[in-house]
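> The structure under discussion is supplied below as structure tokens; questions concerning it will follow.
The values are calculated or read from the model by the stated rules, or taken from the named source; none is laboratory data. In this text, all values refer to a predicted model and were calculated from it rather than measured experimentally. Heads up, the Cβs are rebuilt from the backbone with ideal geometry, glycines too, and the neighbour counts pull from every protein chain shown. Remember, those area values only see protein heavy atoms, side chains included, never the ligands or the DNA or RNA. Shrake-Rupley method; radii C 1.70, N 1.55, O 1.52, S 1.80 Å.
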Amino acid sequence: MANIRLAVPDTARPDEVIEIKALIQHDMESGFRRGSRGEVIPRDIITRFECRYAGNTVFAADFQPAIAANPILTFHLRATVSGPIAFEWTDQNGNQWSDEASVEVT
Amino acid sequence: MKTNRNLHLDRRQLLASAGGAIAITATPLTAFAAQEDLERARTDLFGNRVIQDGRVTLKLPPIAENGFSVPLDISVDSPMTPDDYVQRVAILSPRNPLPLIGVFHLSPHAGLARVSTRIRMSGTQEIEAVAEMNDGSLWAGRMETVVTLAACVVL
């Protein structure tokens with residue numbers, strides 16, 4: 001079970017640009033490492049991240065094996081309406097993990 | 001038993017086997033991307049369009065002790081309005097096994113074109129970031145980092 005950590009401010013002024021951090025616990029096995037018997041450890045990585053807010057995809061990322069383990073992303077979002085911010089990660093096999101945070105615009 | 005065989009080796013055979021040994025020791029190097037691979041990855045993403053220098057600022061530590069996790073911060077000089085914003089930013093490496101590190105897709109809803117993450121680096125190299133604006137123009141920035149312990153090489 002993937003462990004997700006989000007850092008989203010609770011409140012924001014209208015049109016304020018807020019900073020968002022999203023981390024997911026994942027080995028991001030690159031497929032270039034070898035095990036103790038010299039066998040190649042197969043690749044197992046998250047390939048896609050998406051952040052949606054107020055009906056728009058605010059930010060998305062395509063990951064390659066060169067993204068470090070437990071990928072963390074820091075990005076920004078212009079707060080316009082109070083509501084949920086959805087975060088979704090997809091791995092190379094189509095497994096998905098998601099979480100949600102909410103921001104109150106006052 | 002080996003020395004016996006070597007006695008009968010003539011110079012030509014010896015040179016051939018030495019060449020083979022060099023080829024074997026040199027092969028791991030070809031597993032790493034080179035500048036041409038970076039250029040190919042760049043062409044795959046953006047075609048043959050002109051890439052101008054500027055507007056993109058990369059922040060990496062000057063020396064990274066551990067190539068497994070190097071903090072990277074990218075900011076693009078853009079107002080991020082619906083008429084003028086950054087569409088995507090690609091991060092490229094001239095020395096990793098794969099030249100493409102990742103692609104970030106931005107939108108005017110982001111408000112600020114600034115993204116941070118942590119990347120893997122297999123050795124000292126100059127990381128490049130190419131930003132594509134909504135008008136189709138391309139801008140690039142670079143930053144070199146000295147990596148003491150490379151990712152991929154050690155287990």
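> For the protein assembly as shown, how big is Rg over Rh, using alpha carbon atoms and the Kirkwood form of Rh?
On the way: Rg = 22.4 Å, Rh = 20.3 Å.
For the protein assembly as shown, the value is 1.11.
> Let me ask you something else. Give me the inter-chain shielding for A:16-24: mean count of other chain Cβ atoms within 10 Å, whole number please. Can you show the working numbers first?
Numbers: counts 1, 5, 2, 4, 1, 1, 0, 2, 0.
Going residue by residue through A:16-24 and averaging, the value is 2.
> Modelled label-to-label distance, B:Asp77 and B:Thr124, 7 Å Cα→beta-carbon offset: nm?
3.0
> Please give the calculated 222 nm ellipticity per residue for the protein assembly as shown, where each DSSP H segment of at least 4 residues contributes -39500 (n - 2.57) and the sum is spread over every residue; nearest 500 deg cm²/dmol?
Details: 3 runs with 38 residues, N = 261.
Calculated mean residue ellipticity at 222 nm is -4500 deg cm²/dmol.
> Out of the trypsin sites (Lys or Arg not before Pro) in the range A:23-66, which ones are loop residues according to DSSP with at most 12 other C-beta atoms within 10 Å? Each step should come with its number before you reach the end.
Numbers: sites: A:Arg33, A:Arg34, A:Arg37, A:Arg43, A:Arg48, A:Arg52; in loops: A:Arg33, A:Arg37, A:Arg43.
When the trypsin sites (Lys or Arg not before Pro) of the range A:23-66 are filtered for loop state and at most 12 Cβ neighbours within 10 Å, A:Arg37 remain.
> Pull out the extension gain between A:Asn3 and A:Arg33, defined as 0.36 nm times the separation in residues minus the alpha carbon to alpha carbon distance; nm, one decimal.
Values: separation 30, 0.36 × 30 = 10.80 nm, distance 2.37 nm.
That pair, A:Asn3 and A:Arg33, stretches by 8.4 nm at full extension.
> Right, next: Counting Lys and Arg as +1 and Asp and Glu as -1, each charge on the Cβ, what is the dipole of the protein assembly as shown about the Cα centre in debye, to the nearest 20?
Its charge dipole is roughly 1360 debye.
> Ok, one more. How far apart, in nm, are the 7 Å Cα→Cβ label points at B:Leu45 and B:Ile63?
Those two pseudo-labels are separated by 2.9 nm.
> If one takes the accessible area of chain B alone plus chain A alone and subtracts that of the pair, with a 1.4 Å probe, what total in Å², rounded to the nearest 100, results?
Values: alone 9750 and 6530 Å², together 13830 Å².
Rounded to the nearest hundred, the buried surface is 2400 Å².
> Still on this structure, please answer the following. How long is the gain from A:Asp10 to A:Ser82 if the chain were fully straight, where each residue apart is worth 0.36 nm and the alpha carbon distance is subtracted? Intermediate values should be presented prior to the final figure.
Working: separation 72, 0.36 × 72 = 25.92 nm, distance 0.99 nm.
Length gained, A:Asp10 through A:Ser82: 24.9 nm.
> Once you average over the residues of B:36-43, how many Cβ atoms of partner chains fall within 10 Å of each Cβ?
Working: counts 0, 0, 0, 0, 0, 1, 0, 0.
Per residue, the average neighbour count from other chains is 0.
> Binned at 10 Å from 0, what are the whole-percent values of the Cα-Cα distance distribution for chain A, short to long?
Histogramming chain A at 10 Å steps yields 14, 43, 25, 12, 5, 1 percent.
> Moving on. May I ask for the equivalent-ellipsoid semi-axes of the range B:57-155, computed as the square root of five times each C-alpha gyration tensor eigenvalue and listed largest first in whole Å? Walk me through the numbers before you get to the answer.
Working: eigenvalues 152, 27, 22 Å².
Values for the range B:57-155, descending: 28, 12, 10 Å.
> Could you tell me the calculated FRET efficiency between A:Val40 and A:Gln96, based on Cβ-Cβ distance and R0 = 30 angstrom, to the nearest 0.05?
Values: r = 26 Å, r/R0 = 0.88.
The formula returns an efficiency of 0.70 here.
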